[in-house]
1. Mind checking Rg over Rh on the stretch 226-270, alpha carbons, Kirkwood formula for Rh?
2. For LEU122, which sequence-distant residues (separation of 5 or more, or a different chain) have an amide H within less than 5 Å of its own amide H, given hydrogens modelled in the peptide plane?
3. I need the calculated FRET efficiency for the pair PHE352 and ASP65, taking r as the beta carbon distance and R₀ as 41 Å, to the nearest 0.05.
4. Sort 265-274, 137-146 by packing, meaning the average of other beta carbons within 10 Å per residue, with the highest value first.
5. Can you list residues from other chains, or at least 5 along the same chain, whose modelled amide H is less than 5 Å from the amide H of GLN48?
6. How many percent of all Cα-Cα pairs in the stretch 172-303 sit more than 20 Å apart?
7. Of the cross-linked pairs LYS136/LYS199; LYS184/LYS453; LYS106/LYS174; LYS183/LYS356; LYS71/LYS132, which ones have a Cα-Cα span greater than 29 Å in the structure shown?
8. Sticking with the crude label model, points 7 Å out along Cα→Cβ, report the distance from ILE46 to LYS106 in nm, one decimal please.
Amino acid sequence: MLRLVRARVSALPGGPEAGKQTERPKSGPPLVLLPSTPPVPTTERILQRGIFEINGRSCDVVLSDSALRWKPIQPEHPAAPAVGNSKCDFLSKEEFIELKDLFSVKLKWRRSAKQQKGGTLLGITLFVCMKKEQNKLKDYILNLNNLSEDHCALWVKDLKKILTEFSNRPKSLKVLINPQSHKKEAAHIYYEHVEPLLKLAEIKTDVTITEYEGHALSLLKECELQEFDGIICVGGDGSASEVAQGLLLRAQMDAGIDTNYILTPVRTSLPLGIIPAGSTNALAHSIYGVTHIETATLHIIMGHMQTVDVCTFSSTGKFLRFGFSAMFGFGGRTLALAEKHRWMPPNQRKDFATIKTLASLKPENCEILFLPAKTSQNFQEGSRNEHKTTESDYNNQWQKIQGHFLNINIMAIPCCCSMISEGLVPNTRLNNGSMALIIARNTSRPEFVKHLKRYASLKNQFNFPFVETYNVAEVKIQPRNNCECDTGEFEFHGTSSKKNYPWNVDGDLMEVVSEVHIKVHPQLMKLYGGHLEEMNDYKKVIGFVTILLQEAAIKCITIQVQQF
């Protein structure tokens, strides 16, 4: 079979050596019937055409500028099946792959175990990115077997030229690995699962393993980034948030903006790719739709990109940090308490802090000012306190709410979690230019726990009289110092009577004395990842802040909290 393939490789219409005659063998397999015109749409430009063996069958293969097509060759034989035979039609069905799904091409050699170079050429191997169910991407191999070295070299040359024309695909990446993420598996994940795919795609990498918290942030603010096409973070949500913060700060510094007073930030020039290696991987799940390492890596290799909204956090006019979402009240107190017990294992201190914060549940007395977003958005059908933003709301400018609140969530982007198929705000998007503001007013502990439990069942979690939802562009939260409030585990600093109020921003603790101003900035950052409209059931999303609430619901709902 392979001898026949080799003899007829360049005598096909449309190929680079079309017009040359090939002698008909005196014996052997019968003649093959080849179409007189290439089986491709007229809008495509044919680059190569030849015969290759694919999956054990000789095929007529056509390479155009947008696709690779092949069809089994039908023999001319007196006993050949009649035209219209369903089995024959199935066997001769044309198949194809789009070149935009191709990410690498190699010559295929047969070598001995000790051989590094040379050997017997078998043909060409194509590496293709294939979409599977549940938003997953998978690489698969297509072998085009042919013994002609000259012919294979021509095909490889044309295929590699096409790959270089995809401008979004990175050629050089800076990789930051957090070795402490989750079960300290980040380095293993990168070197065993990510690096081989990057090498296969011929992407150069410069790897740094971070040594301490804040290392990635300081590195990105100082190192030369001009030689890289993107930044890769291998870690959990905390690592991803730190790297995003570093990229955004670096963009402001390069633009000559005073990082102490950032009013209108500039966009980052380099995209960020996240390889999930943490415990929850909420941000990665939000971007890719799954926490699947190969999917994340292939999105980066293929150059899939999307923009995301980012918030600025400031106090009394001074810039504090960038972030995607935040929690004040219950969520902030829980994180602050967990940080004071870092000697505990991560899961234990999280459980301890959640239970103890629920046991001493206290509302925060504060004033909330918000600027409604221009576009309306329904948070969830059936919400008793659903707030639909209208143009008149926006014209009225700032709205004010005062009172005692158990928890306040601010979300600028959606975040999925494998523990919950839907989430806090099911219709939130990565780049819709607005934030979700969810307020839980003061209520009894059992009612608040019941509200938390709804996040696990995903049924009407907003349908409580003490829960309010808003779609906003800016938020100002001003805590009021209440001397009657039990400080518990939280300290007063200095001689001032004011205390530091804890905030949970993307899983990081931020302590602020006075008002915090949060403003969303549309499409401030580029991330490697799939587009929302291409993902199945992507309306099922959850915020960073929901993860803590969900865990509290699952772990604490069976506890008789009234006993504490």
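Taken together, the values in this text are just the output of simple stated rules run on the coordinates, not laboratory data. This one's a predicted model, so the numbers in the text were calculated from it and none came from an experiment. Reconstructed Cβ throughout: ideal geometry from the backbone, glycine too, with neighbour counts over all protein chains shown.
1. Result for the stretch 226-270 is an Rg/Rh of 1.00.
2. LYS108, TRP109, ARG110
3. Once rounded, the FRET efficiency stands at 0.10.
4. Ranked from most to least packed, the peptides come out as 265-274, 137-146.
5. Under 5 Å from the amide H of GLN48: LEU63.
6. Here the tail beyond 20 Å accounts for 42 percent of pairs.
7. Cα-Cα > 29 Å for LYS184/LYS453; rest within.
8. About 3.1 nm, to one decimal.
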